[in-house]
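The values are calculated or read from the model by the stated rules, or taken from the named source; none is laboratory data. Quantities reported herein were computed from a predicted structural model and do not represent experimental measurements. Note that we place each Cβ from the backbone using ideal geometry, even for glycine, and neighbour counts take in every protein chain shown.
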């Protein structure tokens with residue numbers, strides 16, 4: 001049997017790699033991560049007031065206390081009302097001592113609630129640091 005070798009009518013052999021499908025998959029994953037990333041940040045959704053503030057520095061293990069507009073308090077991600085917070089906060093600090101407490105308050109929260117939460121934290125021996133957004137000038 002005769003074999004054909006390299007006739008001029010044959011197509012030349014190319015060593016190209018088709019990366020179109022690889023690029024499609026990469027862009028699809030990028031879009032998925034862009035959509036999902038904000039949902040993974042977690043935390044309590046509040047409207048933080050704007051002020052002329054310095055950025056938060058890196059702290060080993062801060063405790064984050066959040067107060068929303070309805071007067072509900074969260075210690076990290078655990079919700080409670082102000083009375084529960086008052087009875088539980090000293091015990092929380094005794095169980096897991098922290099040096100820094102960040103207090104995030106909704107811009108529409110009642111001032112009385114904010115002062116009460118600040119007083120509870122202060123009575124436990126820690127001066128709370130208020131969290132605010134930097135002004136967008």
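If we keep just the residues of the range 1-46 that are surrounded by 10 or more Cβ atoms within 10 Å (Cβ to Cβ) and modelled with pLDDT under 75, which is nearest to residue 110 (Cα to Cα)? Restricting to residues being surrounded by 10 or more Cβ atoms within 10 Å (Cβ to Cβ) and modelled with pLDDT under 75, the top hit is 44. All of 134, 112, 99 fail the test of being within 20 Å of the chain's Cα centre (by Cα) and surrounded by fewer than 16 Cβ atoms within 10 Å (Cβ to Cβ), apart from 134. All of (1) part of a helix (DSSP H, G or I); (2) farther than 25 Å from residue 124 by Cα hold for residue 15 with one exception: (1). Residue by residue through the range 63-81, note down the ones that are crowded, with 16+ Cβ neighbours inside 10 Å, in contact (Cβ under 8 Å) with a residue 12 or more places away in the chain and not in a strand (DSSP E or B). 68, 71 - these are the residues of the range 63-81 that are crowded, with 16+ Cβ neighbours inside 10 Å, in contact (Cβ under 8 Å) with a residue 12 or more places away in the chain and not in a strand (DSSP E or B). Inspection of the range 53-62 finds no residue satisfying the criterion of being under 21 Å from residue 132 (Cβ atoms) and at pLDDT 90 or above.
The conditions of being farther than 22 Å from residue 119 by Cβ and in a helix (DSSP H, G or I) are met by residue 37.
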